[in-house]
Every structure is written in structure tokens, then in C-alpha cells.
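Read the structure below first, then the notes.
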Amino acid sequence: MKLRRTMLFMPGNNPGMIQNAPILGADSIILDLEDAVSLDEKDAARLLVKNALETLDFTGCEVVVRINSIKSDFGYDDLNVIARVKPDAILVPKATEEDIEEIDEILSTIEREEKFKLGSIKLIPLVETALGLENIRETILASKRNIAVLLGAEDLTADMGIKRTREGNEIFYARSKVASVCRAFKIDAIDTPFADVNDIEGLIEDTKRAKAIGMTGKAAINPRQIDYIHDVFSPTMEEIMYAKRVLHAKEEALREGKGVFSLDGKMVDAPVIQRAENIIMKAKLAGIIRE
Ligand SMILES: CC(C)(COP(=O)(O)OP(=O)(O)OC[C@H]1O[C@@H](n2cnc3c(N)ncnc32)[C@H](O)[C@@H]1OP(=O)(O)O)[C@@H](O)C(=O)NCCC(=O)NCCSC(=O)C[C@@](O)(CC(=O)O)C(=O)O
Ligand SMILES: [Mg+2]
């Protein structure tokens, strides 16, 4: 299991940002060849990202590349060049079931040619249209490579002809749907970036709202956002201490042959134990506690 509390976007044509990528502390980075790169920079950005993957040491940081739509003039070249330098995953913009199937096949061919393990390059569909949102189940089922879905609220609200607000009530349904379907298929649900990099209070509130609904992480667009998002998505010491007490009490209850018991007057049963186990696992992955 891998933590994806933050996925930091950076333009694929910005060498200054890319060279710092491995040390910024994000769980994942997304090197963007799509909307952050203008049409006349597409070829140069692809080459820069390829070189970065070949030369920089990304140990401990998942590397994802957002390609252009596979239906566009750039998508196939992006995939064909980038997959051969083995990113951890490809982020697929405005993903449809057909896109994912096509990209899955192309990746399998490249993996055979390059002698990579079949299925080793993963996929993350970006859900950012109304149709994409309604077809999310089919998109996820289209490939076993899918490890997460990223919600793109700017494009989604533009597609729906509605306004994007700081409070985000307009994306409540989309967040809930993405979170629920992703949880059903046991993959990560990554929330849309918060666009105002100077509004830290707004970022924290937005991240808390996303977490409360079941999103497992959030995209970032600026390194200053990383620690705040990590704070929200990491278990607190209070949660960890309570989880430890639950698991300790469970051992005692098991010895007494009890499946349900009470702790501080509150019932503890299988779902409460599962939540406690999840908290401990996340705390270990986040390096907050040791094995
Ligand atoms: C926002 C801003 C312009 C602010 O600039 P500022 O200059 O105010 O930043 P400062 O904080 O002053 O920077 C201080 C230092 O950090 C460095 N630094 C900044 N950002 C960094 C970074 N990301 N990675 C590494 N390094 C970074 C910087 O180089 C400087 O380094 P140095 O000079 O050495 O001190 C800048 O962050 C930025 O460009 N972000 C990336 C934007 C981007 O990728 N967007 C596309 C992807 S989203 C998308 O597409 C979503 C979606 O798909 C979803 C949907 O649909 O909703 C869609 O369609 O919208
Ligand atoms: Mg977009």
C-alpha cells in the first residue's frame, strides 16, 4: 500500500520546478504535458520530462506524467516516449472507458518491447467531465492498471456550465461519487487542486471537506500547499493513541471470547477495529510511528 496524500502538479516545460521535484516532500508528483504546457512547447516539454525521468533520483516519490488526450495530436507521442522511461503512472485527462482501454493496450506493447513487467506502468484516470463522472465505474473497470482516480473540478464545472466557488458546494456530488466508487474498487480517490495558493485557510477547509466525504488525498499546485494537505490526511496523535487502545482492548476481548466489547462506555465491534487498524497502518506509512 502507498500513501497518496498529495500529488503535486508541475508544468512539464519548467526545468527549475522539475529539478526540485524529488525533494519537495509530496507523496507523488505529476509532470504535466497537458494544460500547463502551451501548444508550441509540447515537444520540448515531452523531451524535458523524458530526460528528467532518466536522470533524476525520485526515490521515495511516486512519479506520474499527465499526457495529452490520446485523441489529440500529441497523446500517442507522449505515451510512446514517456512509457519507455518507465514512470510509475500515467495520468489520463478527461478519461473515458475507450481511452483507458486504448492506453492499456499501447502500454502492454511498450512493456513487452522494453522487457518491463507487464502491467507495471499504472494508470490514473482524471474525471473532469459530466460524462466522465457518470461513467466512472466503467472507466475504472477498463484496466487493472488503474490505481486511483483524480477529480478535476475546474474542467468539470466548466463542462457543466456552473461556477466554481471557494466553498465547493457545487462539487459535493462529484466528490461523493468519486470517493464512493473508488472505495468500492479499493483504489485511491484524489481530490481536485485548490487554485488560490495564497488562501491557506481556504485550502485547509477544502481539504477537510474532501477527506470527510471519503477522498484519500488531494492534488496540489504549489509546494506551499503540501504540509497543510499532509496534516489533514495524516492521523493525529489522539487518533493513533485511541486506535492503539482499541487494538489492545481487542486482544483482551478475544482472549475472553468476545467479538464486541466496550471502551470508555462506547461499543467496539468489527468496523471500529477495522478503522483503528487503518489508522495505525496510515501512521506507519506516514512515518509517524514505527513498525
Ligand atoms: C500556481 C503558481 C503559478 C503560483 O506561482 P508562484 O510564483 O506564486 O509560486 P511561489 O509560491 O511564489 O513559488 C515559490 C517557489 O516554488 C516553486 N514552485 C511553485 N509552484 C511549483 C510547483 N507546482 N512545483 C514545483 N515548484 C514550484 C517556484 O518555482 C518558486 O521556486 P524558486 O523560484 O526556486 O523560489 C505555481 O505554483 C504553478 O505554476 N503551479 C503549477 C500549476 C500547474 O501545474 N497547473 C496545471 C495543473 S492543475 C490542473 O490542470 C488541474 C485540472 O486538470 C483539474 C481540473 O480540471 O480542475 C484542470 O484542468 O484545471
Ligand atoms: Mg483539466
Candidates Pro271, Pro235 - the one that is more than 16 Å from ligand 2 (Cβ to nearest atom), free of Cβ contacts under 8 Å to residues at least 40 places away in the same chain and out of contact with any His (no Cβ under 7 Å at 6 or more places or on another chain): Pro271
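Table: residues versus (1) in the same structural domain as Asp27 (by TED's automatic domain parsing); (2) under 30 Å from Ile162 (Cα atoms); (3) in contact with a Lys or Arg (Cβ under 7 Å, 6 or more places away or on another chain).
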position	(1), (2), (3)
Ile100	yes, yes, no
Asp104	yes, no, yes
Thr109	yes, no, no
Glu114	yes, no, yes
Leu131	yes, yes, no
Check on Met17, within 16 Å of ligand 2 (Cβ to nearest atom), farther than 25 Å from Phe116 by Cα and free of Cβ contacts under 8 Å to residues at least 40 places away in the same chain: no
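Please enumerate the residues belonging to segment 205-216 that are open to solvent by less than 10 Å² (accessible area, probe 1.4 Å) and either at positive phi or part of a helix (DSSP H, G or I) (or both).
Start the filter on segment 205-216 by keeping residues that are open to solvent by less than 10 Å² (accessible area, probe 1.4 Å), which leaves 206-207, 210, 215.
Asp206, Thr207, Ala210, listed by residue number.
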Tally of residues being closer than 21 Å to Ile90 by Cβ and open to solvent by 60 Å² or more (accessible area, probe 1.4 Å) across segment 16-33: 1
Selection count, segment 138-147, where residues are within 17 Å of the chain's Cα centre (by Cα) and either on the phi > 0 side of the Ramachandran plot or not in a strand (DSSP E or B) (or both): 6
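This table checks each residue for (1) surrounded by fewer than 16 Cβ atoms within 10 Å (Cβ to Cβ); (2) assigned to a loop (DSSP other than H, G, I, E, B); (3) touching a strand residue (DSSP E or B) at 6+ places or on another chain (Cβ under 8 Å).
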site	(1), (2), (3)
Gln225	no, no, yes
Pro235	no, yes, no
Glu238	yes, no, no
Ala243	no, no, no
Lys250	no, no, yes
Ser262	yes, no, yes
Lys282	no, no, no
So Ile147, is it open to solvent by 10 Å² or more (accessible area, probe 1.4 Å), modelled with pLDDT of 95 or more and either under 20 Å from Lys211 (Cβ atoms) or within 14 Å of ligand 2 (Cβ to nearest atom) (or both): yes
Selection from segment 264-280 of residues that are assigned to a helix (DSSP H, G or I) and either polar (S, T, N, Q) or loosely packed, with under 11 Cβ neighbours inside 10 Å (or both): Ala270, Pro271, Gln274, Asn278
Per-region count, segment 205-231, residues more than 16 Å from ligand 1 (Cβ to nearest atom) and free of Cβ contacts under 8 Å to residues at least 60 places away in the same chain: 7
Residue that is most open to solvent (accessible area, probe 1.4 Å), among those in segment 34-86 that are hydroxyl-bearing (Ser, Thr, Tyr) and in a loop (DSSP other than H, G, I, E, B): Thr59
Any hit, segment 184-204, residues being assigned to a helix (DSSP H, G or I), within 16 Å of ligand 1 (Cβ to nearest atom) and closer than 19 Å to Arg4 by Cα: yes
Residue pairs meeting the criteria (Cβ under 9 Å; at least 6 apart or on separate chains; first at pLDDT below 95, in segment 45-58; second aliphatic (A, V, I, L, M)): Phe58/Ala21; Phe58/Ile29; Phe58/Ala52
Ile162 surrounded by 15 or more Cβ atoms within 10 Å (Cβ to Cβ), more than 13 Å from the chain's Cα centre (by Cα) and modelled with pLDDT of 95 or more: no
Subset of segment 19-33 (residues that are within 7 Å of Arg66 (Cβ to Cβ) and touching a Pro at 6+ places or on another chain (Cβ under 6 Å)): Asp32
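The values are calculated or read from the model by the stated rules, or taken from the named source; none is laboratory data. Keep in mind that this is a model prediction, so the values were computed, not measured. Cβ: placed from backbone, ideal geometry, glycine included. Neighbour counts: every protein chain shown. For accessibility, only protein heavy atoms count, side chains too; no ligands or nucleic acids. Shrake-Rupley method; radii C 1.70, N 1.55, O 1.52, S 1.80 Å.
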